[in-house]
4 protein chains.
Amino acid sequence: MIVILKENPDPQQLENLTRWLKSMNLGIHVSEGAHEKILGLIGDTTRVDIDLIRALDIVADVKRIQEPYKSANRKFHPLDTVIDVGHGVQIGGGHFQMIAGPCSIESPEQICGIAEAVKAAGATILRGGAFKPRTSPYAFQGMRADGIKLLLEASRATQMPVITEIMDLSQLDLFAEVDIIQVGARNMQNFDLLKALGQTDKPVLLKRGLANTLKELLMSAEYIMASGNEKVILCERGIRTYSDYLRNTLDLSAVPMLHELSHLPVVVDPSHATGMARIVPPMTLAAVACGCDGLEIEVHNEPTRALSDSAQQLRPAEFADLMRRVNTVREAISC
Amino acid sequence: MIVILKENPDPQQLENLTRWLKSMNLGIHVSEGAHEKILGLIGDTTRVDIDLIRALDIVADVKRIQEPYKSANRKFHPLDTVIDVGHGVQIGGGHFQMIAGPCSIESPEQICGIAEAVKAAGATILRGGAFKPRTSPYAFQGMRADGIKLLLEASRATQMPVITEIMDLSQLDLFAEVDIIQVGARNMQNFDLLKALGQTDKPVLLKRGLANTLKELLMSAEYIMASGNEKVILCERGIRTYSDYLRNTLDLSAVPMLHELSHLPVVVDPSHATGMARIVPPMTLAAVACGCDGLEIEVHNEPTRALSDSAQQLRPAEFADLMRRVNTVREAISC
Amino acid sequence: MIVILKENPDPQQLENLTRWLKSMNLGIHVSEGAHEKILGLIGDTTRVDIDLIRALDIVADVKRIQEPYKSANRKFHPLDTVIDVGHGVQIGGGHFQMIAGPCSIESPEQICGIAEAVKAAGATILRGGAFKPRTSPYAFQGMRADGIKLLLEASRATQMPVITEIMDLSQLDLFAEVDIIQVGARNMQNFDLLKALGQTDKPVLLKRGLANTLKELLMSAEYIMASGNEKVILCERGIRTYSDYLRNTLDLSAVPMLHELSHLPVVVDPSHATGMARIVPPMTLAAVACGCDGLEIEVHNEPTRALSDSAQQLRPAEFADLMRRVNTVREAISC
Amino acid sequence: MIVILKENPDPQQLENLTRWLKSMNLGIHVSEGAHEKILGLIGDTTRVDIDLIRALDIVADVKRIQEPYKSANRKFHPLDTVIDVGHGVQIGGGHFQMIAGPCSIESPEQICGIAEAVKAAGATILRGGAFKPRTSPYAFQGMRADGIKLLLEASRATQMPVITEIMDLSQLDLFAEVDIIQVGARNMQNFDLLKALGQTDKPVLLKRGLANTLKELLMSAEYIMASGNEKVILCERGIRTYSDYLRNTLDLSAVPMLHELSHLPVVVDPSHATGMARIVPPMTLAAVACGCDGLEIEVHNEPTRALSDSAQQLRPAEFADLMRRVNTVREAISC
């Protein structure tokens, strides 16, 4: 961390700052320029509150050199993390997995039918929404507890691990048999929820918020990891921009950047990012080509009768065709 | 709602769509152009899922004419809502209130001292953070339940109504004596929390999320109101943009726009929006000049020793001077 | 185009509006709802100024149904446009081309050496900057006219068509022998320049502005095409978002969307979008996987001595390896 | 400037870097930490290309401490710049001016009539567009040279200085008698135009681009000033965000920030920022309250017949009422 002092800092305040920094076991190197004096802080600055220093009267600016996250940081964990998500399925470190299923769980026939179809096509993890975050209070809010029961039935029938979204920590008990707990984009900074998930031993798929930086995503992963649970899967699902033609802007450069910054697996959700079924296949192939560890894709047997997000779900036959092309591109990039 | 059909729609599918729309008590007017056929839907379309229609094979696009919110909509409630927040204080409809206090509650002396200072300067509602949403798990997380106790003590000592932020619905019992419950920007779409607050009779100050539109803010207000609680105060606190010199971009045009779209009071938080104490006064005066119903401003007796957000808090003397200027500008705009 | 009237519109003003619309050869269909009256305009609305109608006292809102561009619109030109860029090279409609070369032209040895290297690796069009738009007036501004001469020498030596950027229409004479004229992101809405290029018969590569929508990009293409030159190549090169880790956010979903909206070829520039050489290869492969018609990639023999944008240029050996992988992915997606 | 080296940098490359930096008359202070070695550069780093250093293999990151602009920088010019714009009118340093007039010049009667009306209401500078940047090639493009003649007639008739926009440097001769030359948002980084304006002695009003930071705005001012013309007026006119209800987001915090960073006058254009006439008055008062040196407001005698941007223009009576309120708020903030 670099502290840039204003010209002619008050000596007493500078003495106070120096003593306080040393009390946190930080070494200090001083550089003096024509207009500025600069303090270079040496040691573990993860716990130093950058705003606290910036507010001092004698300080012009503070710049962080080290990343503020540790557990999620590749510098301290050079090898890829591989996460076991149950039923013998692993993700990360070369293990690629396809998550597929409907946006919302609607009936036993619907979820089991789709589960069989996506498994036949090559999907390895089943998704299905039971608790649904909807912008409007008048929209379908999901089957909730009943939805989770149906999802677990589909899991038993197909022997696939399942993933579903939690919306509030009061729902945690209902997720006892769920294999992967999903945290949605709107909850990426629901810190009480993250801490509670950090005390479980379940894999957590953490979606990037609509206006969150990669650093913030990794700090949210750090909340879970610092509480004891290291099984975090990162997910890029589109960010909000001024762009007007698709629901969100899929930020695929996040895939190689997250792989550089962190050792955690990175998954891409092209269905929510684009909100348009016919744009899902090209963005899926693009995500594979830039090295993601998996995808989460919405598939519905009758998209135009789906109770939520109908515009973005693929039909089973479309998904099967896409799955075939995913495998071809995966082979191509491994050459 | 306007449904634009593709060229030469399948007659059977069009018949199905028409029948389904009529089953929701909607009237249909058909306009036929050279290239398009357009259906105009007449009636209450609040509950119609726009994505469901957009996904149909015969539909090219759907455009909403009516806003999807009702309780928060000025069209159906032309008069300004005035909310009683306790201790004889009202906000909205010409009642202007200044909310002030520290970012975090730190000790009895700190919160009571600041409370007296801001009251003497003219503030009418006391703020103080007990539960603190922090990006880093290693940063100070607030005094939590103990903080609320200290805030209520300060309330009794100064006879001011108090506002503090809830982070999770499991904390709701602790807010029994709090006058106004604040929902932070990161929780604006925590729908389970919104529903739970809708079942209380407490005034709720709802902050706009960092990447949320005004429509989404009003839909979140609608969640609270549709659950039975109409005491919602809207708050603009800056949005995330590409801008690099301040923490967020304060969107003051939201003030007149929200007043046009809704009857609810609109408050501005320049402290979090800018994150820089010396920019707070000009933005406060600007917010007053464009007609806000109140402000929420952070004040700390020793900003440079504050345990959170130290860079953005005013000293009591700076706040008193600002308060004087706020009153002068309020008089000027009422001429 | 749909015109939504306010409640109880003044009959005389409505009569005036109706007469004016009919004078533009537009048919009008009226739908009447409980709260609104809606006019559906039938005919060619390309030349109707939407703001003019929106400003009328009796109008609540106006929504466009048809796109405001015609020449660039796939609806009116269903087949892909194929553009001949000289030296027997074609782009679009299945013809994929790799544009490569240095950010800036620096010396005869540099540009000829790189030209030979990229040609050997499989590039088919040579790029090189002569006029350089730089944020700082103190940064290297390019070799200007001399740079173009060197580029043309390299073209003759390697028999490759060349592309270079124009910054002002006063430079147009210097581009007489250049094969493709590039319009940079900052000039996407330099309308006088676009009109002047529309009066040439040169292929124009038009880069999307940093804050421009696809509709605006297509309207800028329309400026060139409406002036008589239909040889426009669209280029996605990253947009400005709040994202903090790379220079810009590459919006790859623009590739399939532009192919749907328009018949023009679509090229991707991952070098400027990311500004980081090690992120260029994964984003290149992703662009290929989602169907782009070509790429523009910066290659430099000694990136760390380059006079501009040194951080984003690949070394020739890195480019050759990438080119091999591009071909593998192209084969994979054509299966 | 701070250069952060990677761990274990190659000694020869470090030696090369050090020698090169010293050749630019920069002093170097070295700080060594547990994981990093940091070089602090002492001296004038304005001309150092930050990307050039960042690209070196031994460098992890570079951070700028000094701003890259000098002429526009308040640090080197502490006093406010006051610009004489002709006809005895000055702007900056306490001199507040109201610029008003139509979006487009349409006829002698129109421009002269509006000029008299806005002068009577208190405006001191007349605006009117002759060259119009329009998104669509099919929209009205302005009266061009004829428009400038009419504007100068209105100037002579009312004895007001006039401002109008230049779109291309080939038009410069037509601006010989114009008092202030406006550079539009889309041309903020048209560097050849900026350099040409730097060689005139005309005041230039430079609008911030839709996706440009304040640093970039000041770098564009620097282009003009470095070429010899120090009469630059900065203008905030709204930035592009995800916000969906107004054309752009007016970033008023830019006013106090620009005043802190620079000595140049700062003007606000609420008409283009909002695009909605009824939102112009509250945003005008807000701009005054946060300390702008002037405003540019569109006024039209018959807004609904205007040939461009009709939705955002005030009627003369509305402008007169606003002008009265502007004066009241100006008095209030000077107390």
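Computed from the coordinates by the stated procedures, all read-outs in this text should not be read as laboratory data. Keep in mind that what you see is a predicted model, and the values were worked out from it rather than measured. Neighbour counts run over all protein chains shown; Cβ positions are idealised from the backbone, glycine included.
Estimated from helices alone, the mean residue ellipticity of chain C at 222 nm is -9500 deg cm²/dmol (sum of -39500 (n - 2.57) over DSSP H runs with n ≥ 4, per residue).
Extension gain for the segment residue C:6 to residue C:23, taken as residue separation times 0.36 nm less the Cα-Cα distance, is 3.9 nm to one decimal. Using a Gaussian network model of chain A with C-alpha springs under 10 Å, which one of A:41, A:234, A:205 is most mobile by mean-square fluctuation? Result for chain A, Cα springs under 10 Å: A:41 fluctuates most.
A simple packing score, the average count of other Cβ atoms within 10 Å per residue, orders the peptides D:59-72, C:242-255 as C:242-255, D:59-72, with the highest score first. Just need log10 I(q)/I(0) for region C:176-319 at q = 0.13, 0.14, 0.17 Å⁻¹, Debye formula, equal scatterers on the alpha-carbon atoms, no solvent, rounded to two decimals. Treating every Cα as an identical point scatterer, log10 I(q)/I(0) equals -0.58, -0.67, -0.95. Ordered from longest to shortest, the equivalent ellipsoid semi-axes for region B:151-237 are 22, 14, 11 Å, each the square root of 5 times a Cα gyration tensor eigenvalue.
Normalised by residue count, the protein assembly as shown yields a Cα convex hull volume of 163 Å³ per residue. Convex hull volume of the C-alpha atoms in chain B, normalised per residue: 165 Å³. Close amide-amide hydrogen proximity is noted between residue B:182 and B:164, B:165, B:166, B:205, each under 5 Å apart and 5 or more residues distant or on a separate chain (H modeled in the peptide plane; Pro and chain starts excluded). The value of relative contact order for chain A, using C-alpha pairs under 8 Å at least six residues apart, is 15 percent.
Computed on the Cα atoms alone, the convex hull of region A:189-274 gives a volume of 84 cubic angstrom per residue. Across all directions, the average flat footprint of the convex hull enclosing the Cα atoms of region B:13-152 is 15.4 nm². 3J(HN,Hα) couplings calculated from phi for region B:97-114 with the Karplus curve 6.51 cos²θ - 1.76 cosθ + 1.60 (θ = phi - 60°) are, in sequence order, 10, 9, 9, 8, x, x, 4, 10, 6, 10, 6, x, 5, 4, 5, 5, x, 5 Hz; Gly and Pro show x.
Take every Cα pair under 8 Å whose residues are at least 6 apart in sequence, average their separation, divide by the length of region A:224-335, and the relative contact order is 22 percent.
Highest GNM mean-square fluctuation among A:142, A:275, A:40, for chain A modelled with Cα contacts below 10 Å: A:40. When a/c is below 1.5 the answer is rounded, else prolate if a/b is larger than b/c, else oblate, so apply that to region A:1-81 with a ≥ b ≥ c taken from the square roots of the Cα gyration tensor eigenvalues. It comes out prolate by the Cα gyration axes. Filter A:6/D:37; B:231/C:6; B:215/C:63 down to the pairs with a C-alpha to C-alpha distance above 20 Å, please. Beyond 20 Å between Cα atoms: A:6/D:37; B:231/C:6. Label reach from residue C:75 (point 7 Å along Cα→C-beta): in region B:1-22, amide nitrogens under 19 Å belong to B:2-10. The distance between label points at residue C:32 and residue B:199 comes to 4.6 nm (points 7 Å beyond Cα on the Cα→Cβ vector).
In terms of surrounding Cβ atoms within a 10 Å radius of their Cβ, B:324, D:134 rank from fewest to most as B:324, D:134. Projecting the Cα atoms of B:159, B:224, B:253 onto the charge dipole of region B:136-272 (Cβ charges, centred on the Cα centre) puts B:253 farthest toward the positive pole. Residue by residue along A:252-261, Cβ atoms of other protein chains within 10 Å of the local Cβ number 6 on average.
Computed extension gain for residue D:331 through residue D:89, at 0.36 nm per residue and net of the alpha carbon distance, reaches 85.1 nm.
According to the Cα-based calculation, Rg over Rh for region D:108-209 is 0.97, with Rh computed by the Kirkwood formula. Ranked from largest, the principal axis spans of the Cα set of region B:46-109 equal 67, 33, 14 Å.
Normalised by the number of residues in region D:266-305, the mean separation of alpha-carbon contacts (under 8 Å, six or more apart) gives a relative contact order of 54 percent.
Averaged over peptide C:61-68, the number of partner chain Cβ atoms lying within 10 Å of each residue's Cβ comes to 4.
For chain C, modelled as a GNM whose springs connect Cα atoms under 10 angstrom apart, the maximal fluctuation among C:11, C:203, C:108 occurs at C:11. The HN-Hα couplings worked out from phi for region D:14-31 by the Karplus form 6.51 cos²θ - 1.76 cosθ + 1.60 (θ = phi - 60°) are 5, 4, 4, 4, 4, 5, 5, 5, 5, 5, 9, 6, 9, x, 10, 10, 9, 10 Hz, whole numbers, x standing for Gly and Pro. Judged by the ratio a/c of the largest to the smallest principal axis of the C-alpha gyration tensor, region B:34-80 counts as prolate, that ratio being 1.5 or greater while a/b is larger than b/c. Neighbouring Cβ atoms from other chains, within 10 Å of the Cβ of residues in A:85-92, number 0 on average.
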